[in-house]
Amino acid sequence: VGEQVLLKCSFRSSSPITESLLVDWTYRPLTGGQMETVFHYQSIPHPTIAGKFKDRISWVGNVAHGDASIAIQSPELSDNGTFFCSVKNPPDV
């Protein structure tokens, strides 16, 4: 709590990395319930503009090096849950 948290996500693709590459981070609370998109990347980072992680997630990845990691600022106990990283690099998924 209170310190920045790094959520690592690495990937490999058999296709060249292009601006078509998509990264989506979603979150499901520990208590279950609805999945929530918390971060989207396509050519540039698109942090969420709503929800509990608004203004608290930053892009720390480097897709050229197979890194799609994000960081959460000022984490709280209520942020506990499962985070999913999805990378699509057409035609490779």
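So that you can scan it fast, the table gives a plain yes or no per residue for (1) charged (D, E, K, R); (2) at pLDDT below 90; (3) farther than 16 Å from Ala68 by Cβ; (4) out of contact with any Phe, Trp or Tyr (no Cβ under 7 Å at 6 or more places or on another chain):
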site	(1), (2), (3), (4)
Leu6	no, no, no, yes
Ser10	no, no, no, yes
Val23	no, no, no, no
Thr31	no, yes, yes, yes
Glu36	yes, no, yes, no
Phe39	no, no, no, no
| Just for region 4-15: of the residues that are within 13 Å of the chain's Cα centre (by Cα) and open to solvent by less than 40 Å² (accessible area, probe 1.4 Å), which one is farthest from Glu76 (Cα to Cα)? | Phe11
| request: State which residue pairs qualify: first residue under 15 Å from Asn62 (Cα atoms) and inside region 18-40, second residue open to solvent by 30 Å² or more (accessible area, probe 1.4 Å) and modelled with pLDDT under 90 in any location, beta carbons under 9 Å apart, and separation of 6 or more residues or different chains. | output: Phe39/Pro47; His40/Pro47
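The values are calculated or read from the model by the stated rules, or taken from the named source; none is laboratory data. Here the structure is a predicted model, which is why all the values come from computation and not from measurement. Glycine also receives a Cβ, built like all others from the backbone with ideal geometry; neighbour counts cover every protein chain displayed. These area figures cover heavy atoms from the full protein model, side chains too; ligands, DNA and RNA do not enter into them. Shrake-Rupley method; radii C 1.70, N 1.55, O 1.52, S 1.80 Å.
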